[in-house]
Structure formats: structure tokens, C-alpha cells
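The block underneath contains the structure these notes are about, expressed in C-alpha cells.
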Amino acid sequence: MGKYFGTDGFRGEANEVLTVEHAFKVGRFLGWYYGQDHKAKVVIGKDTRRSSYMFEYALVAGLTASGADAYLLHVTTTPSVSYVTRTDNFDCGIMISASHNPFYDNGIKVINGKGHKLEAEVEEKIETYIDGGSGEIPLAKQEKIGRTVDYAAGRNRYIGYLISLATRSFEDMRVGLDCSNGSAFAIAKSVYDALGAKTYVINNEPDGTNINTNCGSTHIEVLQEYVKEKKLDVAFAYDGDADRCIAVDENGSVVDGDLILYICGKYLKENGRLNGDTIVTTIMSNLGLYKACDKAGLKYEKTAVGDKYVYENMVQNNFSLGGEQSGHIIFSKHATTGDGILTSLMIMEVILEKKMSLSKLAEEVKIYPQLLKNVRVSDKKTARENAEVVKAVEAVAEALGDDGRILVRESGTEPVIRVMVEASTDELCAKHVNAVIDVMERQGLVIG
């Protein structure tokens with residue numbers, strides 16, 4: 001984790017943590033770094049936050065001042081930037097978004113020429129430049145100053161790519177879409193309409209300040225009610241930059257990332273399209289997913305939390321499918337990052353090809369109740385390794401046996417220990433989580 005760049009780019013409150021000066025310097029460095037032996041080409045997309053336009057102009061100024069050409073996709077999704085970067089031979093791509101965060105936050109996510117998240121060593125070089133540690137970068141002069149190019153055609157090609165992935169028409173399917181007043185608003189309905197669905201769309205009127213506000217994948221209850229009201233066959237909620245998808249079945253029940261991994265993983269395995277018969281999960285995936293996988297003969301890997309780590313595992317082992325409970329799902333045959341709209345299309349394929357409702361497809365997974373509490377501590381390592389805390393955690397693990405699990409881990413960004421328990425009832429979850437936290441408090445490890 002760097003000074004500015006975390007696991008998902010440079011993110012924070014606009015003009016408080018992330019400023020226009022930062023954006024200008026990121027553009028200056030990238031334009032110079034990729035343009036040392038040729039004229040660099042960088043493609044930029046943004047979400048619907050009010051500050052996204054401000055950061056777009058700052059980045060463009062920095063890039064062109066360093067001699068790079070900046071190609072603008074305008075409002076689009078993170079996965080579309082990844083797609084266009086790798087298919088149109090750009091040196092890198094930039095997405096301006098803070099994903100599922102509130103509108104006043106924003107972020108700069110840099111994608112390398114292969115469509116992957118930027119290498120950590122390059123992020124470190126950007127940070128050094130921002131802090132004045134690498135000297136001045138020369139300004140481009142005369143005809144070497146970069147151009148700004150309208151590249152909406154790239155976004156349209158991405159829409160065409162998504163449409164091409166559908167295996168059959170969606171005719172007669174009543175599909176709901178919650179676009180979170182974010183990036184999906186310009187893309188998702190176009191895709192579903194083109195495929196013949198009867199499309200019902202909500203939260204599709206961004207105004208710069210309503211992205212993720214009581215809508216989208218982080219407020220799924222809105223879509224649940226909408227499904228029941230309109231009697232829809234299935235519905236999908238995206239987050240602000242549309243790299244996540246959470247589904248809702250015909251009864252209004254939530255189908256989260258764990259259930260999506262199971263449904264799509266089992267289907268791909270049945271069709272001989274799941275490499276190694278394995279799905280890649282994170283340590284936060286529900287115990288119920290693993291028990292269902294064991295019954296279905298699905299193998300699984302567990303990584304640290306973050307789609308970055310999921311994708312690294314997939315690349316290393318040539319796996320086809322991986323993701324997180326939050327709805328970041330990666331289909332490596334089609335994309336190099338989580339893609340919410342793509343994920344919803346893959347779910348539609350399973351529903352249509354198997355001629356089964358989403359509720360029927362998901363019923364094989366019995367999700368265990370889960371409770372997660374964050375505990376502020378003075379020192380994360382000391383708290384996690386405290387002998388009495390370790391003893392309490394082991395006691396919970398022994399009490400739960402095969403009918404639950406406990407996970408205690410350090411936050412990557414805050415002075416927080418996360419205590420998570422899965423068990424057969426909510427009461428057991430609360431009992432065991434509180435038992436561990438009580439020990440932390442008695443040991444004087446908790447602050448605030």
C-alpha cells in the first residue's frame with residue numbers, strides 16, 4: 001500500500017485528499033513515462049460525479065503538457081476503459097471514479113496496456129514525482145504538445161462487444177436494472193434493449209451528486225422492492241463505476257457475489273468451460289458457498305480480500321472465474337477486471353440455457369448468517385497476536401467446529417481489527433464475536 005495509491009487507485013474526498021494538482025501531476029508523469037521512446041496514447045473514462053469533469057480536465061492538461069495524446073471516452077464504466085485500453089493498443093488507461101463511495105469522493109485508477117491494474121512499481125514512481133522526489137519533467141513544445149481526441153466510438157465498440165457475448169435473445173424476459181446514477185446509465189439499458197429484453201430501469205438520472213445515494217449494489221433493498229412491484233423475472237444492481245453486480249431473483253431475494261460464483265461456476269463446469277473446475281474466492285466468502293461447492297464437485301481457491309488478489313491468482317493458475325461477495329466477478333475469457341454488466345449477461349445465459357429461475361439456481365447454496373464487527377485498536381499487530389486474544393479465537397473455532405468459522409484480520413487502511421463469525425444462527429454469531437471483542441477490551445487493546 002503506497003502513500004497515495006491503495007489497492008484500487010488513488011482515492012479520497014475531492015479537493016481534500018485528492019486534488020486537481022494531484023491529477024495534473026499524475027497526467028504529467030504518465031505522459032512522460034510512456035512517451036520516452038514514442039508519442040504516448042492514453043484513454044480516459046469517468047463516472048458521473050461532479051468532480052469527475054474537473055479531474056478529467058486536470059489529467060488531460062498534464063498528459064498533453066508532457067506530449068501524450070489523450071483520448072476521451074467520457075462517462076463510461078471501469079471495465080470499458082480496461083477493454084478499450086487493451087484492444088486499441090493504448091499505453092495505459094485512466095478511470096476517474098471512487099466506485100461505490102459517496103459522490104464527494106473520487107479516485108484515479110490507472111490501467112496498464114494489458115488492461116490490468118497498474119504495476120505497484122509504477123505507482124511508486126508516480127508518488128515520488130507527486131512529492132517532488134524525482135525532479136522536473138520536461139514540458140512538450142510546439143508540435144510535440146499532445147492532442148485531445150473525442151473517443152466516444154471506443155465506448156460504443158465496448159457496448160457492441162457486450163451484446164456479442166449473449167448466446168440467445170432476451171425476448172419476453174422482464175429485466176430490472178439499477179444503474180446507481182453512475183457509469184452504467186449510458187450503457188446497460190442499451191445492451192439489454194438491443195438483446196430484446198423488456199427493460200425496466202431505475203436510478204438512471206445522474207446529476208453529479210446522486211451517484212450511489214440510496215441506490216445501486218450497496219442499497220440493494222431498493223431494487224428488491226422494485227422487482228416485487230413490477231413482477232420482474234430478474235434484476236441487476238451495479239455500483240458507481242459498474243465493475244460490481246448484485247442480482248435480485250424473481251421473488252425479490254438477493255443473489256450476491258458468492259451465489260453468482262456458484263451459479264456461474266457450476267454452469268461453466270457442466271459445459272467444460274471452467275478451467276481446473278475451480279473458482280477463485282476471497283477469505284470473506286461465505287461458508288455456505290464452500291459447502292455447496294464440495295457437494296457439486298467444484299474446487300476453490302481463497303485469496304486476500306480485493307479483486308486485485310483474485311485476478312492475480314486467476315492469472316497465475318489459468319482459472320476462468322473468480323470474484324468477491326461484493327459482486328466483483330471476473331470472467332477471464334472475456335475481461336481482465338470485474339465487470340458488472342458482463343456479469344449480469346453471464347447470469348442471463350445460465351437462466352436461459354438451463355431454463356430455470358434465478359431463485360431455483362441459487363437454492364443449492366445455504367448461506368450462513370455472518371456478523372462482522374470492526375474494532376479500533378492502538379496497534380493492529382499487537383492486538384491480533386495478543387496471547388489471550390489468540391486463545392479466545394481458538395476457543396470459538398473449536399466451539400463452531402464444521403458448522404461455522406471465525407476470521408480475525410487487520411484492516412489494510414485503518415487502525416482496525418475485523419472480527420467475523422459465521423454460524424448457524426445470528427445469535428451464535430453475536431455471542432462469539434462479542435466474546436473475542438470482550439477479551440480485546442479486557443486486555444486494554446481497544447481505543448475510542
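The values are calculated or read from the model by the stated rules, or taken from the named source; none is laboratory data. The shown structure was predicted, so the numbers you read here are calculated from the model rather than taken from an experiment. No Cβ is skipped: glycine too gets one built from the backbone with ideal geometry, and neighbour counts run over all protein chains shown.
Some points to look at:
- Qualifying residues in region 295-304 (those that are outside any helix (DSSP H, G or I) and touching a residue at least 24 places away in the same chain (Cβ under 8 Å)) - the one surrounded by the fewest Cβ atoms within 10 Å (Cβ to Cβ): Gly297
- Helices (runs of 4 or more DSSP H) wholly inside region 307-404 containing at least 2 residues that are under 24 Å from Asp438 (Cα atoms): 380-385, 387-400
- Members of region 103-154 that are farther than 29 Å from Glu16 by Cα and without any contact (Cβ under 8 Å) to a residue 40 or more places away in the chain: Gly113, Lys141, Gln142, Glu143, Ala153
- In this entry, Gly340 passes the filter for residues that are at negative phi and not β-branched (Val, Ile, Thr).
- Inclusion of Glu171 among residues that are free of Cβ contacts under 8 Å to residues at least 40 places away in the same chain, farther than 17 Å from Lys25 by Cα and touching a Gly at 6+ places or on another chain (Cβ under 8 Å) is warranted.
- Matching residues in region 374-426 - criterion: being in contact (Cβ under 8 Å) with a residue 60 or more places away in the chain, touching a strand residue (DSSP E or B) at 6+ places or on another chain (Cβ under 7 Å) and not small (Gly, Ala, Ser): Val375, Arg376, Val377, Arg405, Leu407, Arg409, Thr413, Met420, Glu422
- Single match in Val60, Val43, Val26 (criterion: under 19 Å from Gly146 (Cα atoms), touching a Ser or Thr at 6+ places or on another chain (Cβ under 7 Å) and not in a strand (DSSP E or B)): Val60
- With respect to (1) surrounded by fewer than 23 Cβ atoms within 10 Å (Cβ to Cβ); (2) assigned to a helix (DSSP H, G or I), the lone exception for Arg273 is condition (2).
- Filter result for Ser66 (closer than 24 Å to Asp239 by Cβ and either small (Gly, Ala, Ser) or in contact with a Leu (Cβ under 6 Å, 6 or more places away or on another chain) (or both)): no
- Exactly one residue out of Ile283, Ile260 is out of contact with any His (no Cβ under 8 Å at 6 or more places or on another chain), under 30 Å from Asn112 (Cα atoms) and modelled with pLDDT of 95 or more, and it is Ile260.
- Looking at Ala140, Ala98, just one residue is in a loop (DSSP other than H, G, I, E, B), surrounded by 14 or more Cβ atoms within 10 Å (Cβ to Cβ) and more than 14 Å from the chain's Cα centre (by Cα), and that residue is Ala140.
- One residue from Ile44, Ile111 being touching a Lys or Arg at 6+ places or on another chain (Cβ under 9 Å), crowded, with 21+ Cβ neighbours inside 10 Å and closer than 22 Å to Ile137 by Cβ: Ile111
- Comparison of Ala235, Ala242 shows that the only residue that is closer than 17 Å to Leu345 by Cβ, at pLDDT 95 or above and assigned to a strand (DSSP E or B) is Ala235.
Every residue, every condition in (1) touching a helix residue (DSSP H, G or I) at 6+ places or on another chain (Cβ under 8 Å); (2) surrounded by fewer than 24 Cβ atoms within 10 Å (Cβ to Cβ); (3) aliphatic (A, V, I, L, M); (4) farther than 16 Å from Gly323 by Cβ, yes or no:
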residue: Cys215; (1), (2), (3), (4): yes, no, no, yes
residue: Tyr226; (1), (2), (3), (4): no, yes, no, yes
residue: Lys231; (1), (2), (3), (4): no, yes, no, yes
residue: Ala235; (1), (2), (3), (4): yes, no, yes, yes
residue: Asp243; (1), (2), (3), (4): yes, no, no, no
residue: Ile246; (1), (2), (3), (4): yes, no, yes, no
residue: Val255; (1), (2), (3), (4): yes, no, yes, no
residue: Tyr262; (1), (2), (3), (4): yes, no, no, no
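- Qualifying residue in region 162-176 (condition: among the hydroxyl-bearing types (Ser, Thr, Tyr) and surrounded by 15 or more Cβ atoms within 10 Å (Cβ to Cβ)): no
- Residue that is farthest from Glu441 (Cα to Cα), among those in region 373-383 that are of a type outside the set (Gly, Ala, Ser) and out of contact with any helix residue (DSSP H, G or I) (no Cβ under 8 Å at 6 or more places or on another chain): Lys381
- With respect to the conditions (1) assigned to a helix (DSSP H, G or I); (2) in contact with a Gly (Cβ under 6 Å, 6 or more places away or on another chain), Ile111 lacks only one, and its number is (1).
- Hey, Asp8 acidic (Asp, Glu) and crowded, with 24+ Cβ neighbours inside 10 Å or not: no
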